[in-house]
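Colleague: Okay, here's the structure, questions in a sec.
The values are calculated or read from the model by the stated rules, or taken from the named source; none is laboratory data. Since the structure is predicted, the reported quantities are computational estimates derived from the model, not experimental observations. Here the Cβ is made from the backbone with ideal geometry for all residues, glycine too, and neighbour counts use every protein chain on show.
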Amino acid sequence: MRPFLQTATIALFAVFISTGMLVAAEPAPAPAQPMFLKLQDVKWAKILPDLGEMSPEIAILRVDPKTQATQLLIRTPKGIHVRKHWHTANETHTMISGRAIFECEGKRMEMGPGGFNYMPARMVHEAWLPEGSLTFITVDGAWDVNWVEGPPTASDVTK
């Protein structure tokens, strides 16, 4: 570096330090750790324990510690009509196996493996899930279910 530029750079640096214009950068947050999980290793819980073995099951895969965004799986040991409900956050469904019918705003759509949908926050919807379906769900915030007419009962289980 030329002597003049070197002197000018040092002087400018000194001005920034003396005026408080030079602020040390905060350290970068620790990088997030990758996560790998096999389907056979997930922990399942009954969504509707009163239905016993007929209850759909849920596996929470991950919850973001800051935003509470959630990724989860739902599987159905028996077919079931999931009554009208809504969620506080935006929700997506991706069918892994089986078929499902979703209804919102009076429109029905059938989805098969690989099918994807998006439900905006607070949109009332319902679903018909056959026995053996597996659905991957993402929620932009904390997972919740707000039933419009009450949760499914044994009469909603299809044989």
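Colleague: Mind listing whichever residues of region 127-144 are under 14 Å from E57 (Cα atoms) and part of a loop (DSSP other than H, G, I, E, B)?
Modeller: P130, E131, G132, S133
Colleague: Among the residues of region 97-112, write down those that are surrounded by 16 or more Cβ atoms within 10 Å (Cβ to Cβ) and either of a type in the set (D, E, K, R) or closer than 24 Å to L39 by Cβ (or both).
Modeller: G98, A100, F102, M111
Colleague: While we're looking at this one, here's another question. Considering only region 28-112, give the strands (runs of 3 or more DSSP E) lying wholly within it that have at least 1 residues that are at pLDDT 95 or above and acidic (D, E).
Modeller: 57-63, 91-97, 100-104, 107-111
Colleague: Which ones in region 113-123 are exposed (fewer than 15 other Cβ atoms within 10 Å of the Cβ) and part of a loop (DSSP other than H, G, I, E, B)?
Modeller: P113, G114, P120, A121, R122, M123
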